[in-house]
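Below: the structure, in structure tokens.
Nothing in this text is a laboratory measurement; each read-out follows from the coordinates by a stated rule. Quick caveat, the model's predicted, so the values are computed rather than measured. Methodologically, a virtual Cβ is constructed for each residue, glycine included, from the backbone with ideal geometry; neighbour enumeration extends over all protein chains shown.
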Amino acid sequence: MRELIEFVARSLVDDPASVRVHEQKTETTIVYQLHVARDDVGKVIGKHGRTAHALRLLLSASAQRRGCKAVLEIKE
Amino acid sequence: MEEALEKALAELGANRGEVHYEVLESGSSGFLGLFKGRQARVRVERLVHTHEDIHDLVTDLLESMGIEAVVDVRREEGDTHVVIRTEGLDGLLIGRRGQTLAALQHVVGRLASREFDQDGHLVLDVGDYRQRRETHLVEKAQALAEKVRATGREINLEPLHAPDRRVVHLAVARLAGVRSYTVGQGLHRSVVIAPDNREEFRDDQSSRPNDNGTTGRL
């Protein structure tokens, strides 16, 4: 799941070196915090939030595959 | 023919997966020695992205999701079609009302357009989902159109993605006595099937809908 977020984010941004993913585990859920360079935030979110929405759906499918739940937060 | 293709590939410095070709003349080796052999002619067009590029991109993305799949890429009517097949995970990749497939389509489209110049549309499918979905939507549109005609009342379908709305509009356009249009914004855009009362407007040209039965954008 971390690989998914990193793969998509690094492919979309202009500054792949600034892409960082932090994870916090609770009993039922993993919360991923995606950090990208300030100028790249819009690229990861997309028009009307479509890319962020799509990435969250793919993350959910990937989490379901592993029998858990995952949440994505996007930060500067 | 083969020879002509090989020649063109050598000239472009491309291999077979990187081009789209069309046979213009198949050529012949002469007839009973009476006629001279005719040369074969092929039109070879280099694809901006190769099938291999797209195959690898989709395979890598699925792998990063923990999903093993067979990915098949082919050219159809100027578009690039990507068919994904998995062992028992098709449902997971399609999602409720195809929303996960739509997400996959969006992400692959964005990644591909960043890495390669786009050339035609990129259309993703999981198994034969799109075909089944299309059949389902057409049948639904026909049943609802029947109801609209019987009751004279408009019916608003659930929100649909643009390709799905297009299927509904096209299905309704083939039927008499009904028309369709789209309402709502963003993810809430949906199709309305309405009675087509063109007869009543015969003297009032200004309020007639388009001749194809649709009004406005898809």
The range B:131-201 - charge dipole about Cα centre, Lys and Arg +1 at Cβ, Asp and Glu -1, debye rounded to 20: 180 debye
Counting partner chain Cβ atoms within 10 Å of every residue's Cβ in A:1-8, what's the average? 4
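I'd like the FRET efficiency for residue A:10 and residue B:190, computed as 1/(1 + (r/R0)^6) with the beta carbon distance as r and R0 of 41 Å, rounded to 0.05.
0.70
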Apply the Karplus parameterisation 6.51 cos²θ - 1.76 cosθ + 1.60, with θ equal to phi minus 60°, to every residue of the range B:83-89 and state each ³J(HN,Hα) to the nearest whole Hz, in sequence, with x for glycine and proline. 10, 9, 10, 10, 8, x, 10
If you take every residue apart from residue B:167 with its C-beta less than 9 Å away from the C-beta of residue B:167, what net charge results, scoring Lys and Arg +1 and Asp and Glu -1? +1
Mean per-residue count of partner chain Cβ within 10 Å for A:60-73 equals 3
How high is the relative contact order of the range B:54-127, given as a whole-number percent (alpha carbon pairs under 8 Å, six or more residues apart)? 34 percent
Residue by residue through the range B:3-9, the couplings from Karplus 6.51 cos²θ - 1.76 cosθ + 1.60 with θ = phi - 60°, in Hz, x for Gly and Pro, are 4, 4, 5, 4, 4, 5, 5
Around residue A:76, under 10 Å between beta carbons, what's the net of Lys plus Arg minus Asp minus Glu among the other residues? 0
Under the Karplus relation with 6.51, -1.76 and 1.60 and θ = phi - 60°, whole-Hz ³J(HN,Hα) for the range A:27-38, x at Gly and Pro, equal 4, 10, 9, 10, 9, 9, 10, 9, 10, 10, 4, 3
Cβ-derived FRET efficiency at R0 25 Å, residue A:71 paired with residue A:20, nearest 0.05: 0.90
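Would you mind telling me the antiparallel percentage of the DSSP bridges in chain A, rounded to 5?
Within chain A, antiparallel bridges account for around 45 percent of the total.
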Could you give the C-alpha radius of gyration of chain A expressed as a fraction of 2.2 N^0.38 Å, taking N as the number of residues it contains? 1.04
Would you please put A:3-9, B:55-61, B:189-195 in order of how densely packed they are, using the mean number of other Cβ atoms within 10 angstrom per residue and starting with the highest? A:3-9, B:189-195, B:55-61
For the range B:68-116, what is one quarter of the convex hull surface built on the Cα atoms, given in nm²? 4.0 nm²
Violating pairs (Cα-Cα greater than 23 angstrom) within the set A:69/B:140; A:25/A:75; A:47/A:75: A:69/B:140
Taking the mean number of other Cβ atoms within 10 Å as a proxy for protection, how do you rank B:150-160, A:46-56 from highest to lowest? A:46-56, B:150-160
Can you give me the angle between helix A:50-65 and the longest principal axis of chain A, using Cα atoms only, in degrees from 0 to 90, rounded to the nearest 10? 30 degrees
